[in-house]
Amino acid sequence: MELNVNLGKDSYRILIERGLLKRAAKEIREIYQGKKIAVISDDSVYAFYGESLLEQLKEYWECSAVILPHGEASKSIDVLPGVYAQLLEAGISRSDLIVALGGGVVGDLAGFAAATYLRGIPFVQIPTSLLAQVDSSVGGKVAVDLKEGKNLVGAFYQPKKVLIDPDVLKTLPERYIHDGMGEVIKYGCIKDAELFTLLRRAGSFDGLADHLTEVITRCVDIKRQVVEEDQFDTGERMLLNFGHTLAHAVEQRFAYERESHGEAVAIGMYQITRISEELGLTREGTAGEIRKILESYGLPVSCGVHLSELKEAMKRDKKNFKNSLRLILLKEIGESIIYPSDLSFFEDERMV
């Protein structure tokens, strides 16, 4: 399956195909004829796929690898100087290429490094987690975290190509599958009621086996359409943030060590829908539908803290503009809206 993201001079192709990683070098040759490639990965992913990828790439290019510890802690502004130093040591120039091989943490950090190193060099995304395949590898949002919050330093910087191989998901630990399903379910909630129904009927990730490439493609295609319409996240693209205002606050509350991103998004989607349903903004019963599907895919719906504990982080949310939060709510499954509000939407004493 091939999708094209049409953004003028920043346009690129997304390929989704089982076994694609085995011919990654061929696909990269179509868009890059320089001399050097630096692969940025983490120790977990590199152990599975790094050496075989480098073996391919070394047939055509001089290659080096930057290998980070796995986990959210690596997506920190404090890690960047070390990455830049290794790129310099490898002699990576503005005419060379970075390849991001990994999940969302690696993709975000490698993309931000590409956007800022020598004022910007090209990069390719090879996402290896479900979350990265359906969401973070597409659309050009790259960022690192500060201790004050998630993704607070970043850029819009599009890749030159995205190579998605569903077969690599076979090596993912179960929790990372659950993590990605949080974002998959999000797409059904905001834009695709038929996808939501397919996920509900499958009932588990194993039940999706025969539909996995289709599900990934549908999620990516939704994101492609939204990004083409709103590349810089000022309108329609904000719908992709359903559940994220609460999610980012939950992640920060527990120092990115308890809930994964997808788990936090699951909590955020259910809890904000429960509130909006009580306010008459969402069709009755929607929160219950979301809860059932989240639980069937092993995702949490609560984190056990009061909203008052999360509000400080929400004040720094990127969707907070002139003290107004642009919340993403559902009218019903498959139809989402941008709802201007403020922190009073969240009652201090409510437990989420």
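Starting from region 247-273, keep only residues that are in contact (Cβ under 8 Å) with a residue 40 or more places away in the chain, then list their pairs with residues that are of a type in the set (Phe, Trp, Tyr) whose Cβ atoms are within a distance under 7 Å, requiring at least 6 positions of separation or different chains.
Partner pairs satisfying both residue conditions: MET269/PHE242.
Condition (residue is over 30 Å from LYS311 (Cβ atoms) and surrounded by fewer than 24 Cβ atoms within 10 Å (Cβ to Cβ)) applied to region 124-135: is it met by at least one residue?
No - not one qualifying residue is present in region 124-135.
Among the residues of region 215-247, which ones are surrounded by 22 or more Cβ atoms within 10 Å (Cβ to Cβ) and in a loop (DSSP other than H, G, I, E, B)?
Answer for region 215-247, where residues must be surrounded by 22 or more Cβ atoms within 10 Å (Cβ to Cβ) and in a loop (DSSP other than H, G, I, E, B): PHE242, GLY243.
Taking region 123-138 only, how many residues are touching a strand residue (DSSP E or B) at 6+ places or on another chain (Cβ under 8 Å), in contact (Cβ under 8 Å) with a residue 60 or more places away in the chain and either in a strand (DSSP E or B) or not β-branched (Val, Ile, Thr) (or both)? Spell out how you get there, then give the answer.
First, the residues of region 123-138 that are touching a strand residue (DSSP E or B) at 6+ places or on another chain (Cβ under 8 Å): 123-129, 132-133, 136-138.
Of the ones still in play, those that are also in contact (Cβ under 8 Å) with a residue 60 or more places away in the chain are 124, 126, 128, 133, 138.
Still in the running and either in a strand (DSSP E or B) or not β-branched (Val, Ile, Thr) (or both): 124, 126, 133.
The total comes to 3.
Does VAL39 qualify as being touching a Leu at 6+ places or on another chain (Cβ under 6 Å) and open to solvent by less than 40 Å² (accessible area, probe 1.4 Å)?
On the way: touching a Leu at 6+ places or on another chain (Cβ under 6 Å): yes; open to solvent by less than 40 Å² (accessible area, probe 1.4 Å): yes.
Yes.
Please enumerate the residues belonging to region 259-302 that are open to solvent by 10 Å² or more (accessible area, probe 1.4 Å), closer than 27 Å to PRO173 by Cα and in a helix (DSSP H, G or I).
HIS261, GLU263, TYR270, GLU289, ARG291, LYS292, GLU295, SER296
Only residues that are open to solvent by 20 Å² or more (accessible area, probe 1.4 Å) and among the small types (Gly, Ala, Ser): list them for region 20-36, please.
Passing the criteria: only GLY34.
Look at ASP108 and say whether it is within 23 Å of the chain's Cα centre (by Cα) and either closer than 23 Å to TYR12 by Cβ or not aromatic (Phe, Trp, Tyr) (or both). Steps first, answer last, please.
Details: within 23 Å of the chain's Cα centre (by Cα): yes; either closer than 23 Å to TYR12 by Cβ or not aromatic (Phe, Trp, Tyr) (or both): yes.
When the stated conditions are applied, ASP108 passes them.
Could you check, for region 46-63, whether at least one of its residues is open to solvent by 20 Å² or more (accessible area, probe 1.4 Å), over 20 Å from LEU152 (Cα atoms) and touching a residue at least 60 places away in the same chain (Cβ under 8 Å)?
Yes: region 46-63 contains one or more residues that are open to solvent by 20 Å² or more (accessible area, probe 1.4 Å), over 20 Å from LEU152 (Cα atoms) and touching a residue at least 60 places away in the same chain (Cβ under 8 Å).
How many residues does region 146-187 contain that are part of a helix (DSSP H, G or I) and charged (D, E, K, R)?
Looking only at region 146-187, we keep the residues that are part of a helix (DSSP H, G or I), and these are 166-171, 174-187.
Among the residues that remain, those that are also charged (D, E, K, R) are: 167, 170, 174-175, 179, 183, 186.
Within region 146-187, residues that are part of a helix (DSSP H, G or I) and charged (D, E, K, R) number 7.
Tell me, yes or no, whether region 69-81 has at least one residue that is open to solvent by less than 40 Å² (accessible area, probe 1.4 Å) and either within 14 Å of ILE126 (Cβ to Cβ) or touching a His at 6+ places or on another chain (Cβ under 6 Å) (or both).
No, the conditions are met nowhere in region 69-81.
May I ask you to say which residue of PHE156, PHE205 is surrounded by fewer than 24 Cβ atoms within 10 Å (Cβ to Cβ) and either over 17 Å from TYR297 (Cβ atoms) or among the basic types (Lys, Arg) (or both)?
Result of the check over PHE156, PHE205: PHE156.
Which condition number in (1) more than 18 Å from VAL162 (Cα to Cα); (2) touching a residue at least 12 places away in the same chain (Cβ under 8 Å); (3) not aliphatic (A, V, I, L, M) is the one that GLY82 fails?
Checking GLY82 against (1) more than 18 Å from VAL162 (Cα to Cα); (2) touching a residue at least 12 places away in the same chain (Cβ under 8 Å); (3) not aliphatic (A, V, I, L, M), the one that fails is (2).
Say whether the condition of being buried (at least 20 other Cβ atoms within 10 Å of the Cβ), part of a loop (DSSP other than H, G, I, E, B) and touching a Ser or Thr at 6+ places or on another chain (Cβ under 9 Å) is met by at least one residue in region 188-198.
no
The values are calculated or read from the model by the stated rules, or taken from the named source; none is laboratory data. Quantities reported herein were computed from a predicted structural model and do not represent experimental measurements. Cβ sites come from the backbone with ideal geometry, for glycine too, and all protein chains shown count toward neighbours. Side chains included, ligands, DNA and RNA excluded: accessible areas come from the protein's heavy atoms. Shrake-Rupley method; radii C 1.70, N 1.55, O 1.52, S 1.80 Å.
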